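J.: Okay, here's the structure, questions in a sec.
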Amino acid sequence: MALKTLTTDRLLIDGESVATTRTRTLVNPATGAPADVVPEGSVEDVQRAVAAAKAAFDDGRWSGIGPSARSAVLYKLADLIEEHLDELAALESRNVGKPIKLAHDSDLPFAVDCLRFFAGAARQLDGRASSEYVPGYTSVIRREPIGVVGQLAPWNYPLMMAIWKIGPALAAGNTVVLKPAPETPLTSLALGQLAMEAGMPAGVLNVVTGGDDVGVALVAHPDVRLISLTGASETGKAVMRAASDTLKRVHMELGGKAPFIVFDDADLEAAAHGAVVGGFVNTGQDCTAATRIYVQRGAFDAFMKRYLELVSQVRVGDPSSQQTDMGPLVSEAQLQRVEALVATAKGSARFLAGGERASALGMENGFFFQPTVITGVADNAKVVTDEIFGPVTVVLPFDDEAEVIERANAVRFALAGSVWTGNVQRAMRVSGALEFGTVWVNDHLPLTPEMPHGGFKQSGFGKDMSVYALDDYTQIKHVMLDTSGDQRKGWHYTIFGDAE
């Protein structure tokens, strides 16, 4: 039986709903007005949460109950999320400014499916036994949980990314302290409530909100064995520096600057639709967003004509409306950041669409920005090299395959990209040559829990989703068993005594 309503006014620490003395007032991105008041965690809350997670790990109340029992709890949690999908989607839409159809029909169903994948994978997490590599000994490989995992979730996909993190960590038998982004904690707080309803043992999942002080305390805590971050590359560097003091593992999904490569033999109608969807998904606040569109010169004019027609049809407005395609940016700070980066191109670039703040009827103070298309800039322009994280695409022509591969690979980010062509040999060549963790052919954006997602270069390391994520949240142990029963081994003399 589902809970009657979800609450977002308490942290989750050691299986208890915990009130805080500090609060934070969130701003509705669509209106710019104060909205929800949420608890603001503290360094002391982090210390309590880590202590609870460590106790839960050490006494085996989660890793020791067996994979089938862990699986059952995760399945129950997935069911509860699904039962509360309408309410959770409304929270996510209001908190992030995300179009309700994206939250309700895409993000949350995907999160549920991902959690169910890891619920099943929990029962297939095994090691490996081998025969005797050395006579008289049998070696066994064990795959074991790491311990307490600190997880820093982003603000662009708060619940979905939280599930990407807690799913493999909990399936593998770890315990978790989850810190949502300070701007968007609503659905993570509700997730804590649902975890208790699902029967999660106390201390196994803890949810602590807060700002930089809370994040720093979690990263620095000596009892946290692994930090998982989804966020900006600069944040990743800071986390790695802080984590080095205790030599803890780090798992990072960072920035992106995805190339979208259209050859002249591509289906241009499909490519134009794919570019709109890939570039303006979640108001461009997506690390895989198709922000660098390269079009072969022979197809450039035809592609641009259709692309700009479709861009002009993007409906910007109230994120709670089913007719809205693109909502506001998440905050005034993010809006200013997008404006500043776009301003670097003004005076030199050609703006074929947008380039300015937008407003929606009745929401004149919201953080809206027009769908923007830029061309006529050099490859070293900031709008080409830097992650804008807004509804801004740059379209540039190219001449041949070798050239576009070199240009696509020339940025420091390497999370995802796509190739559009009707030539299967070219598709294989180019997808192999692109230095990105995910490469799509004749599409952009789709993911599945069965396949890994993660970047190369400064887009991070480690994988979300798939059994490869389970590798990241486990550690390998070699157990070597004597099968001879001999009290003195033939090699002992090399250390003690004489050869027999």
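J.: Relative to the longest principal axis of the chain, what angle (0 to 90°, nearest 10) does the C-alpha long axis of helix 67-83 take?
T.: The answer is roughly 30 degrees.
J.: Also, quick follow-up: So how do 464-470, 161-167, 80-86 stack up, highest first, on mean other-Cβ count within 10 Å?
T.: Numbers: 464-470: 21.3, 161-167: 27.1, 80-86: 18.4.
Going from most to least packed, we get 161-167, 464-470, 80-86.
J.: Let me ask something else. To test your reading of the geometry: what angle, between 0 and 90 degrees and rounded to tens, separates the Cα axis of helix 332-343 from the longest principal axis of the chain?
T.: Once rounded, one gets 60 degrees.
J.: Follow-up. With a 10 Å radius around each residue's Cβ, average the other Cβ atoms per peptide and rank 349-359, 486-496, highest first. Let's see the in-between values first.
T.: Details: 349-359: 16.1, 486-496: 9.6.
In descending order of packing, they fall as 349-359, 486-496.
J.: Here's another thing I want to ask about it. Which of Thr483, Thr138, Thr393, Thr230 comes first, and how do the rest follow, when ranked by fewest Cβ neighbours within 10 Å? Each step should come with its number before you reach the end.
T.: Working: Thr483 10, Thr138 15, Thr393 28, Thr230 25.
Lowest to highest Cβ neighbour count: Thr483, Thr138, Thr230, Thr393.
J.: Per-residue HN-Hα couplings for the stretch 462-467, Karplus 6.51 cos²θ - 1.76 cosθ + 1.60 at θ = phi - 60°, whole Hz, x for Gly and Pro?
T.: x, 10, 8, 6, 6, 5
J.: While we're looking at this one, here's another question. Angle between the Cα long axis of helix 186-197 and the longest principal axis of the chain, 0 to 90 degrees, nearest 10?
T.: Taking the Cα atoms of the chain, the angle to 186-197 is about 30 degrees.
J.: Residue by residue through the stretch 88-99, what is 3J(HN,Hα) from phi via Karplus (6.51 cos²θ - 1.76 cosθ + 1.60, θ = phi - 60°)? Round to whole Hz and write x for glycine and proline.
T.: Values, residue by residue: 5, 5, 5, 4, 5, 5, 5, 6, 9, x, 7, x Hz.
J.: In addition: For Asp59 and Asp113 in one chain, what is 0.36 nm times their gap in residues minus the Cα-Cα distance, to one decimal in nm?
T.: Numbers: separation 54, 0.36 × 54 = 19.44 nm, distance 3.01 nm.
Stretched fully, the Asp59-Asp113 segment lengthens by 16.4 nm.
J.: Within the stretch 375-484, report the GluC sites (Glu not before Pro) that DSSP leaves as loop and that have at most 14 other Cβ atoms within 10 Å.
T.: Details: sites: Glu387, Glu401, Glu403, Glu406, Glu435, Glu450; in loops: Glu387, Glu435, Glu450.
For GluC sites (Glu not before Pro) across the stretch 375-484 that sit outside H, G, I, E and B with at most 14 neighbouring Cβ atoms in 10 Å, the list reads Glu450.
J.: Once you have the Cα-Cα distance between Ala410 and Thr7, take 0.36 nm times their residue separation minus that, and quote the gain in nm to one decimal. If you can, show how the numbers build up before the last one.
T.: Details: separation 403, 0.36 × 403 = 145.08 nm, distance 4.64 nm.
Using 0.36 nm per residue and subtracting the Cα-Cα distance, I get 140.4 nm.
J.: Using the alpha-carbon centroid of each, what span in Å lies between the stretch 39-57 and the stretch 95-159?
T.: 22 Å
J.: Beyond a 31 Å Cα-Cα separation, which of these cross-linked pairs lie in this structure: Lys101/Lys179; Lys98/Lys305; Lys76/Lys257?
T.: Details: Lys101/Lys179 26 Å; Lys98/Lys305 28 Å; Lys76/Lys257 37 Å.
Check vs 31 Å cut-off fails for Lys76/Lys257.
J.: Cross-link partners among aspartates and glutamates for Lys457, C-alpha distance below 12 Å, same-chain residues fewer than 8 apart left out?
T.: Glu253, Glu435
J.: Next up: Using packing as a proxy for protection, rank 245-256, 89-100, 123-134 so that the peptide with the highest average count of other Cβ atoms within 10 Å comes first. Before the final figure, lay out the partial values.
T.: Numbers: 245-256: 19.9, 89-100: 25.4, 123-134: 11.4.
Final packing ranking: 89-100, 245-256, 123-134.
J.: Taking a ≥ b ≥ c as the square roots of the Cα gyration tensor eigenvalues, with a/c under 1.5 meaning rounded and otherwise prolate when a/b beats b/c, else oblate, which class fits the stretch 236-336? Mind showing how you got there, number by number?
T.: Values: a/c = 3.42, a/b = 1.57, b/c = 2.17.
It is oblate, given that a/c is not under 1.5 and a/b is not larger than b/c.
J.: Quick one: if you stick a label point 7 Å off each Cα along the C-beta vector at Gln322 and Ser139, how many nm between them?
T.: 6.0 nm
J.: If you don't mind, there's one more thing I want to ask. Classify the stretch 82-170 as rounded, prolate or oblate from the Cα gyration tensor: take a ≥ b ≥ c as the square roots of its eigenvalues, call it rounded if a/c is under 1.5, otherwise prolate when a/b beats b/c and oblate if not.
T.: On the way: a/c = 4.86, a/b = 3.05, b/c = 1.59.
Here the stretch 82-170 falls in the prolate category.
J.: What does the extension gain come out to for Asp443 and Glu16, with contour length at 0.36 nm per residue minus their alpha carbon separation?
T.: On the way: separation 427, 0.36 × 427 = 153.72 nm, distance 4.45 nm.
Between Asp443 and Glu16, full extension yields an extra 149.3 nm.
J.: Going by amide H atoms built from the backbone, whose H comes under 5 Å of the H on Gln475, apart from near neighbours?
T.: Distant-sequence amide H within range of Gln475: Glu144, Ile146.
Values in this text are rule-based calculations from the coordinates and carry no lab data. Computed from a prediction, not measured in an experiment: that's the story for all the values here. Because the Cβ atoms are built from the backbone with ideal geometry, glycine has one as well, and the counts that use them run over all protein chains shown.
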